[in-house]
Each structure stands twice: as C-alpha cells, then as structure tokens.
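Below you'll find the structure, written out as structure tokens, and then a few comments.
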Amino acid sequence: MKRKPIIAVVGRPNVGKSTFVNRLVGKRQSIVDDRPGVTRDRIYFDVEWQNKQFTVIDTGGIVPGDDDDIMVSIYDQANIACEEADKIIFLVDGIEGVTPVDSDIANILRKSKKPIYLAVNKVDSHNQITMLSDFYSLAIGEPVAISALHGSGGVGDLLEDITADFEEFDDDSDNEVIKIAIVGRPNAGKSSIVNALLGENRVIVSDVSGTTRDSIDSRFSYDNREFVIIDTAGIRKKSKVDYGVEKFAVDRAIRSIRECDVALLVIDAQEAANGISDQDKKIASIITDAGKGMVIAINKWDLIEDKKSNTINKFEQKIVKEIPFLDYVPKIYISAVTHQRLNQIFTKVVEVWQECSKRVATGLLNKVVNEAYALNPPQTIRNKRLKIMYSTQAAVKPPTFILFANNEDLMKDHYKRYMENKLREAFGFVGTPIRISVRTRGEKKK
C-alpha cells in the first residue's frame, strides 16, 4: 500500500489549528473550543484536495518549557508528528502577532529540516494583511494570510503550494482495512492498549480521568492485514458529563462506534470482579444498536490476584450471567502493561469482522428456519398462528434477515430471539449482532 504524504499542523495553543484542520477535512472532525489545550494528542485525518490525497495531523498546542505533565506530553506529541510528517504547516495568530512562544516554536521547527509553511490565521479582512510583515522575523519563510474559520484568504494558494509535488492517485485498498474502535469507560486502559499495540507512545496515557478527548486514528499492519485503530474518549454516564468539550468528546466516541467495523469494549478487570457496571452494559448496548461487531477485552488481568486454572471460566460465567445478551461476543483477558494476550485482539477482531460479513445461501437458510419452526412452533394468538413462508438474507454488517410471514404482528420478541439463537447455532455469527425483520407476505418494502 502506497503511503499518503503527511502534513503536520503545529503551533501554540488556541491559534486555530483544529479549525484549520476541520476546514481541510470539510467537516467538524477535531474538537474546536476557545480554551487552549483542547487537542492533546496528534490526530490523523485523510484529506483529498484537487484529486490529491494526503494525511493531515492535528497536534496539541506547543508551549516549549512548560513543566506541566500534560503540556510536556503535548509538546512530545507535536515533536513526534513533525518527525512523521513530510511537510509542516506552522500556524500563528494574525491578531495577536508574533509572541515569544512562536519564536521558540520556530527555532524548534527549523531543526526538523522539513519543508515548513507559515500560515497566519485569523486574517479576515484586507485591512489586517499589513501585519504580515511582523512574521518575517520568525525566519520560516514567506507568511501566507488565511482565515481558517471562513475559508478565505490564501487557504487555496497554501494548499496548492504544499501539494504541488504530490502525486494524484486513487487508493481503493481502504476497502480491506478493518476499523477497530477502542471504547469503554474512563481509565479502563484504552490508550495504554493502543500504545502497547503500536509499540510507541501514540496517545497520552495518564491516570487523570478524561485525558483522551478526541477519537484518535492509528494505521497499523499485523499479519499482512491493515487495521485502523481508533482510541476514543472514555464514555461516562450522561448525567456526569459536563456540557462542552467533554460532551463533544463522548459524542465523537459514540460516532466512532457507528463508523467502525468492530468495537473493542475494554472493561477493567478489577472493577468487573465486583460486577459489570451499568455503564459498561450501556456502552455494549450502543455497539449492538449500531449493528457493529464486538470483542470484549478484560484489561488489567495481571492485577487479579490468586488466579487459578478455572479463574477465566468463572469470570466468563459471571459476565454471561450479568450481560446475557452478549453471550455471543468473544471475551479475551489481557494486560496492556505486560502485553499478555494482546495479539488475540487482532485474531478475534478479524474473526468477528468475517462473521459480520458472512452470507448464508438462501436454500440453507430456509432449511434451518423451517426446521426451527417445526421443532418449536409459535403459540397461537387469538386463534391465529404465525406461519413463515420464506426467508432470505438482505444484508451484511450486520447480517440482516427477512422472514416473510402470514402476519408480521404474530411474531413476538421471544420467538424472534428463539430464531436468532437457532441461526447462531447453525451459522455461528460470533461477535456480530443479527437483525431479523418480519414482513407480511405480499407487502412491498417502503
């Protein structure tokens, strides 16, 4: 697979980096907020501009010399982004003018030996262009006036200059890339799992709840297969989520579930030992309702004391008892710290992804449905009994089946669950929800 060129967007806090990235992507992907430091990790987005494709990295605001742990991590993340990038856009604030922090960042960027493009943001009128001359003092190159918020100014000229040597190509290989959303409650160890899988400090790991605010994509290859791993913000109870940045982050995490192929639900082993939380059950329901494949990862397994040969079996029974609607979901017991069973994540994800994509031959499907019906006919309702005439699979991801019957109102939920169980017995469908729709024979699809 040919790698797309990478452009890193760097600068101090609150100069409009995320707004600029959103302008490039064409939608609100990065969280935009007036408070500095909102973007903490480096976040990757694919962009297409004039038939040229590239990847843009939104980075946390750099404050060189700041000793705050989070700010130091942001600085490190921006440094790594610059090492990865082919080109760098240095974004500054045209209203505030040149600051000492801008000068410090410029000194750092020059050491990267990468092509650097100086973009002066928030220049919304011709009257403000005169201030551009101040930015020549950064010795980066000729400043380009832009307005990320309105898309005016030299945004087009800047992109044309940057992408002048990019090749036009159409990469269809993304069709085979499996997108994994790492989801769960705060502090379950999601970011630690991502870093352990990638072998680098890809995302900031902290014991401060809510460190990961954005959904962060990482491309990864394992066993000759391509994956995109999406680390998401911890999903707390709605009543405990403050409106603003955290709410947007939770919304983004839920959106990442809808856009993924398979969700890895991370549960803290120590907390689960005392019972599966209602919030974990809620997240599982969100995944199921979205029709996505699921693997449950019981993390921090190394912290469970006095483990015996049957500890996992007992834990598994406990999970099935507390969340019986997930008995079809594979469970793995891992440790991001010791790397115990981490490779099983990819094995199980591929298995579930294949199950989500599984198609059943119509003749075989009807045979299984008819046998299930004969084995356990539904009860009569007001002297009427459900009769299933014909069955077909209408879709995959998730597997969706239509049962044509004499009267769809006669299909009750408990009998639909019975049919689902029989389909799983016959065809597997490990880790994927199943959709069963009943349609009265002769009824046209609306």
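The values are calculated or read from the model by the stated rules, or taken from the named source; none is laboratory data. Since the structure is predicted, the reported quantities are computational estimates derived from the model, not experimental observations. Backbone-built Cβ (ideal geometry, glycine too); neighbour counts: all protein chains shown. Remember, those area values only see protein heavy atoms, side chains included, never the ligands or the DNA or RNA. Shrake-Rupley method; radii C 1.70, N 1.55, O 1.52, S 1.80 Å.
Things to note:
- Nitroxide proxy distance, nm - points 7 Å out along Cα→Cβ at residue 421 and residue 357: 3.1 nm
- Extension gain for residue 316 to residue 198 (0.36 nm times residue separation, less C-alpha to C-alpha distance): 39.7 nm.
- Put simply, the amide H of residue 440, placed in the peptide plane, has neighbours under 5 Å in 405, 408, leaving out anything fewer than 5 places away on its chain.
- For segment 277-341, the direction-averaged projected area of the alpha-carbon convex hull comes to 4.9 nm².
- Test item: Cα-centred dipole of segment 304-426, Lys/Arg +1 and Asp/Glu -1 on Cβ, debye: 220 debye
- Nonlocal amide H pairs with residue 118, under 5 Å, H built at 1.01 Å: 90, 144
- Stretch gain in nm, segment residue 160-residue 25, where the contour uses 0.36 nm per residue and the Cα spacing is subtracted: 47.1 nm
- Rough spin-label spacing in nm, given labels placed 7 Å along Cα→Cβ, for residue 327 and residue 132: 6.9 nm
- Accessible surface of residue 353, taken over heavy atoms with a 1.4 Å probe and every protein chain present, rounds to 40 Å².
- Per-residue HN-Hα couplings for segment 302-318 [Karplus 6.51, -1.76, 1.60; θ = phi - 60°; Hz; x = Gly/Pro]: 5, 8, 7, 8, 6, 6, 10, 4, 9, 4, 5, 4, 5, 5, 4, 4, 5
- Separation of the residue 347 and residue 274 label points, Cα + 7 Å toward Cβ, nm: 3.3 nm
- Largest-first principal axis extents of the Cα set of segment 367-411 (Å): 37, 21, 15
- Across the protein chains, with a 1.4 Å probe defining accessible surface, the residues 124, 223, 268 rank 223, 124, 268 from largest area downward.
- Under 5 Å from the amide H of residue 431 lie the amide H atoms of 329, each residue being 5 or more positions distant or on a separate chain, with H modelled from the backbone and absent for Pro and chain starts.
- Reciprocal of mean inverse Cα separation for segment 337-446 (Kirkwood radius, Å): 15.3 Å
- Unit charges on C-beta of K, R, D, E only; dipole of segment 311-365, Debye: 60 debye
- Hz values of 3J(HN,Hα) by residue in segment 366-377 - Karplus curve (6.51, -1.76, 1.60), Gly and Pro given as x: 5, 5, 5, 5, 5, 5, 5, 5, 5, 5, 8, x
- Additional length obtainable on full extension of the chain from residue 50 to residue 149, 0.36 nm per residue less Cα span: 33.6 nm
- Residue pairs, from the table 358/387; 114/292; 281/308; 292/314, whose Cα atoms sit over 32 Å apart: 114/292
- Residue-by-residue Karplus 3J(HN,Hα) for segment 49-57, coefficients 6.51, -1.76, 1.60, Hz, glycine and proline x: 9, 6, 6, 10, 10, 8, 10, 10, 10
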